[in-house]
Amino acid sequence: MEILETILHSFVNLAMLLFEYIGVGVITFAGIQGLVNYIRRAPDTRLTLAQGLAMGLEFKLGSEILRTVVVRSLSEIAIVGSIIALRAVLTVLIHWEIKNEKADESQKGSSNS
(Lines give C-alpha, C1' and ligand atoms only; values in the text may rest on other atoms or scores of the structure.)
Protein backbone atom coordinates (compact mmCIF):
# COMPACT_ATOMS: atom_id res chain seq x y z
CA MET A 1 0.00 0.00 0.00
CA GLU A 2 2.91 2.35 0.72
CA ILE A 3 4.27 1.78 -2.77
CA LEU A 4 0.95 2.86 -4.33
CA GLU A 5 0.92 5.99 -2.21
CA THR A 6 4.48 6.80 -3.24
CA ILE A 7 3.59 6.28 -6.91
CA LEU A 8 0.53 8.53 -6.52
CA HIS A 9 2.57 11.28 -4.84
CA SER A 10 5.26 11.08 -7.51
CA PHE A 11 2.73 11.20 -10.34
CA VAL A 12 0.78 14.10 -8.81
CA ASN A 13 3.97 16.06 -8.10
CA LEU A 14 5.15 15.55 -11.67
CA ALA A 15 1.77 16.57 -13.09
CA MET A 16 1.65 19.65 -10.83
CA LEU A 17 5.10 20.71 -11.95
CA LEU A 18 4.17 20.17 -15.60
CA PHE A 19 0.97 22.24 -15.26
CA GLU A 20 2.85 25.00 -13.42
CA TYR A 21 5.49 25.20 -16.16
CA ILE A 22 2.87 25.20 -18.91
CA GLY A 23 0.95 27.94 -17.11
CA VAL A 24 4.06 30.08 -16.69
CA GLY A 25 4.98 29.50 -20.34
CA VAL A 26 1.53 30.49 -21.58
CA ILE A 27 1.46 33.62 -19.40
CA THR A 28 4.97 34.59 -20.50
CA PHE A 29 4.12 34.05 -24.17
CA ALA A 30 0.90 36.05 -23.79
CA GLY A 31 2.82 38.88 -22.12
CA ILE A 32 5.42 39.02 -24.87
CA GLN A 33 2.72 38.82 -27.53
CA GLY A 34 0.79 41.58 -25.74
CA LEU A 35 3.88 43.79 -25.68
CA VAL A 36 4.51 43.23 -29.39
CA ASN A 37 0.85 43.94 -30.21
CA TYR A 38 0.97 47.07 -28.04
CA ILE A 39 4.02 48.35 -29.88
CA ARG A 40 2.30 47.62 -33.21
CA ARG A 41 -0.85 49.31 -31.87
CA ALA A 42 -2.98 46.29 -32.74
CA PRO A 43 -6.65 46.90 -31.89
CA ASP A 44 -7.15 43.52 -30.22
CA THR A 45 -4.16 43.77 -27.86
CA ARG A 46 -6.19 43.72 -24.64
CA LEU A 47 -8.33 40.83 -25.79
CA THR A 48 -5.37 38.71 -26.88
CA LEU A 49 -3.50 39.41 -23.64
CA ALA A 50 -6.54 38.66 -21.48
CA GLN A 51 -7.17 35.37 -23.29
CA GLY A 52 -3.54 34.31 -22.82
CA LEU A 53 -3.60 35.21 -19.13
CA ALA A 54 -6.85 33.31 -18.64
CA MET A 55 -5.42 30.22 -20.31
CA GLY A 56 -2.26 30.36 -18.20
CA LEU A 57 -4.29 30.77 -15.02
CA GLU A 58 -6.39 27.75 -15.96
CA PHE A 59 -3.26 25.58 -16.07
CA LYS A 60 -2.06 26.96 -12.75
CA LEU A 61 -5.50 26.37 -11.25
CA GLY A 62 -5.34 22.78 -12.47
CA SER A 63 -2.03 22.41 -10.66
CA GLU A 64 -3.55 23.65 -7.40
CA ILE A 65 -6.50 21.29 -7.76
CA LEU A 66 -4.06 18.40 -8.16
CA ARG A 67 -2.26 19.59 -5.03
CA THR A 68 -5.41 18.87 -3.01
CA VAL A 69 -4.79 15.15 -3.66
CA VAL A 70 -1.54 15.09 -1.69
CA VAL A 71 -2.16 17.55 1.16
CA ARG A 72 -1.99 16.00 4.61
CA SER A 73 -3.08 18.61 7.15
CA LEU A 74 -6.02 20.94 7.59
CA SER A 75 -3.78 24.01 7.44
CA GLU A 76 -2.39 22.89 4.06
CA ILE A 77 -5.95 22.40 2.79
CA ALA A 78 -6.83 25.93 3.92
CA ILE A 79 -3.81 27.38 2.12
CA VAL A 80 -4.48 25.43 -1.08
CA GLY A 81 -8.18 26.32 -0.89
CA SER A 82 -7.30 30.00 -0.56
CA ILE A 83 -4.97 29.83 -3.56
CA ILE A 84 -7.65 28.06 -5.60
CA ALA A 85 -10.24 30.68 -4.62
CA LEU A 86 -7.91 33.54 -5.52
CA ARG A 87 -7.01 32.06 -8.89
CA ALA A 88 -10.66 31.29 -9.61
CA VAL A 89 -11.62 34.90 -8.86
CA LEU A 90 -8.81 36.15 -11.13
CA THR A 91 -9.97 33.82 -13.89
CA VAL A 92 -13.58 35.01 -13.56
CA LEU A 93 -12.47 38.65 -13.69
CA ILE A 94 -10.34 38.03 -16.76
CA HIS A 95 -13.19 36.19 -18.50
CA TRP A 96 -15.49 39.11 -17.64
CA GLU A 97 -12.94 41.48 -19.18
CA ILE A 98 -12.75 39.28 -22.30
CA LYS A 99 -16.54 39.30 -22.62
CA ASN A 100 -16.66 43.10 -22.30
CA GLU A 101 -13.80 43.56 -24.75
CA LYS A 102 -15.52 41.32 -27.32
CA ALA A 103 -18.77 43.25 -26.86
CA ASP A 104 -16.91 46.55 -27.36
CA GLU A 105 -15.24 45.21 -30.51
CA SER A 106 -18.52 43.98 -31.98
CA GLN A 107 -20.16 47.30 -31.12
CA LYS A 108 -17.35 49.20 -32.87
CA GLY A 109 -17.60 46.85 -35.85
CA SER A 110 -21.34 47.38 -36.24
CA SER A 111 -21.07 51.17 -35.86
CA ASN A 112 -18.36 51.32 -38.56
CA SER A 113 -20.59 49.54 -41.08
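The values are calculated or read from the model by the stated rules, or taken from the named source; none is laboratory data. Predicted model only: the values in this text are computed from it and were never measured. Glycine gets a Cβ as well: all are built from the backbone with ideal geometry, and neighbour counts include every protein chain shown. Areas reflect the complete protein model, heavy atoms only, side chains present, ligands, DNA and RNA absent. Shrake-Rupley method; radii C 1.70, N 1.55, O 1.52, S 1.80 Å.
Values computed for the structure shown
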read-out: Residue check, Ile22 of a type in the set (A, V, I, L, M), open to solvent by less than 70 Å² (accessible area, probe 1.4 Å) and under 30 Å from Leu8 (Cβ atoms); value: yes
read-out: Only listed residue being buried (at least 18 other Cβ atoms within 10 Å of the Cβ), touching a residue at least 24 places away in the same chain (Cβ under 8 Å), over 13 Å from the mean Cα position of the chain (by Cα) and within 30 Å of Thr6 (Cβ to Cβ), chosen from Arg87, Arg46, Arg67; value: Arg67
read-out: Top-ranked residue of segment 17-48 - restricted to ones that are at pLDDT below 95 and hydrophobic (A, V, I, L, M, F, W, C), ranked as nearest to Val92 (Cα to Cα); value: Leu47
read-out: Count of residues meeting criterion [outside any helix (DSSP H, G or I) and either under 30 Å from Asn37 (Cα atoms) or of a type in the set (A, V, I, L, M) (or both)] in segment 48-100; value: 1
read-out: Check on Lys60, at pLDDT 90 or above, of a type in the set (Lys, Arg) and open to solvent by less than 70 Å² (accessible area, probe 1.4 Å); value: yes
read-out: Boolean, Val71 is in contact with a helix residue (DSSP H, G or I) (Cβ under 6 Å, 6 or more places away or on another chain) and of a type in the set (Val, Ile, Thr); value: yes
read-out: Close pairs from segment 92-113: first over 19 Å from Leu57 (Cα atoms), partner hydrophobic (A, V, I, L, M, F, W, C), Cβ under 8 Å, at least 6 apart; value: Lys102/Leu47; Glu105/Leu47
